[in-house]
Amino acid sequence: MSSTIDGIMIILSSPSGAGKTTLVKLLAENKNYKISISHTTRKPRDNEVSGKDYFFTNEKNFQDLVKKNEFLEHAKVFNNFYGTSLKPVRENLDKGLNVIFDIDWQGAQQIKNKKLKYKLITFFVLPPSKEVLFNRLSNRDMKDKVIADERMKEFNKDVLHWKDYDYVVINDKLQECFEQISTLVDSELNKTKNNYNFKLVEEHVNKLLS
Ligand code: 5GP
């Protein structure tokens, strides 16, 4: 049973380029959520800072952490390893702080299966269209447009996981998407009704896949 003082876990997943990382930062700043900083074997991008965006590590260290059972979840995404350290997450939740995770569907699944005592709310973020997604991916710091193409190919597969989430939100306008997530979290916490429209989401997914 979750005690009243425990924090809650909020997971945001999405196909690459849907704007999830920006949303996570916005939610953390405005709602005072603690961001779970993952470990990764991926090389840092130009603007990324170790200990803030990720704990950048090598494969050997990463596998050591796996062996020591340090991770709440871990997965291979786009040929790199990513994992969430359990200790800081648990410490924050036990202090009553809410923790937000920017992780993929594999990690979300693993955390869901662990059935921890903390309340969990999961969100899947989608782009408004494939065209917008491609533009967002191409406008990243990625010097190599091949990566944008690769990630577009993954898109059709990733989208199929939308049904495993409590809520699916469409990130067309950042502020509106942020407000929608905030409202949905509040409605869950206060156990009040919300205007989540499953039918609309289903239609949007079908459009993205057509
Ligand atoms: P990026 O390399 O673009 O920062 O992230 C690639 C993907 O890995 C994103 O979908 C991101 O949410 C996911 N990711 C980041 N950290 C973790 C983690 O700790 N665990 C899992 N399972 N996925 C993660």
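Results, tabulated for the structure shown:
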{"read-out": "Kirkwood Rh, Cα atoms: Rg over Rh of the range 62-135", "value": "1.03"}
{"read-out": "Only Lys, Arg (+1) and Asp, Glu (-1) charged, at Cβ; the chain dipole about Cα centre in debye", "value": "380"}
{"read-out": "Over 19 Å (Cα to Cα) - which of 25/114; 130/153; 60/153; 95/119 fall in this group", "value": "25/114; 60/153"}
{"read-out": "Geometric extent, Cα atoms of the chain - Rg, Dmax (angstrom)", "value": "16.9, 48"}
{"read-out": "Spatially proximal aspartates and glutamates relative to residue 67 (Cα-Cα < 13 Å; intrachain offsets below 8 disregarded)", "value": "59"}
{"read-out": "For residue 55, residues with placed amide H under 5 Å, excluding near neighbours", "value": "38, 39, 40"}
{"read-out": "Ascending count of other beta-carbon atoms within 10 Å, so fewest first, for 78, 123", "value": "78, 123"}
{"read-out": "For the chain, calculated [θ]222 nm from helices alone, where every DSSP H run of n ≥ 4 adds -39500 (n - 2.57)", "value": "-13500 deg cm²/dmol"}
{"read-out": "Cut-off under 5 Å, modelled amide H: who pairs with residue 77 long-range", "value": "82"}
{"read-out": "Cα-centre dipole for the range 110-201 with unit charges at Cβ (Lys and Arg positive, Asp and Glu negative), debye to 20", "value": "420"}
{"read-out": "For residue 100, residues with placed amide H under 5 Å, excluding near neighbours", "value": "10, 34, 35, 36"}
{"read-out": "Cross-link partners of residue 112 among aspartates and glutamates (Cα-Cα below 19 Å; sequence separation of 8 or more within a chain)", "value": "6, 70, 73, 91, 94, 102, 104, 158, 164, 166, 188"}
{"read-out": "Bins of 10 Å from zero: percent of alpha-carbon pairs in the range 104-156", "value": "20, 37, 25, 17, 1"}
{"read-out": "Cβ charges +1 (Lys, Arg) and -1 (Asp, Glu), total dipole of the range 147-189, debye", "value": "200"}
{"read-out": "Extension gain from residue 87 to residue 179, taking 0.36 nm per residue of separation minus the Cα-Cα distance", "value": "30.1 nm"}
{"read-out": "Selection from 50, 81, 69, by position along the positive dipole direction of the chain (Cβ)", "value": "69"}
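Rule-based calculations on the coordinates, nothing more; no lab input. Remember, predicted model here, so these are calculated numbers, not experimental data. Reconstructed Cβ throughout: ideal geometry from the backbone, glycine too, with neighbour counts over all protein chains shown.
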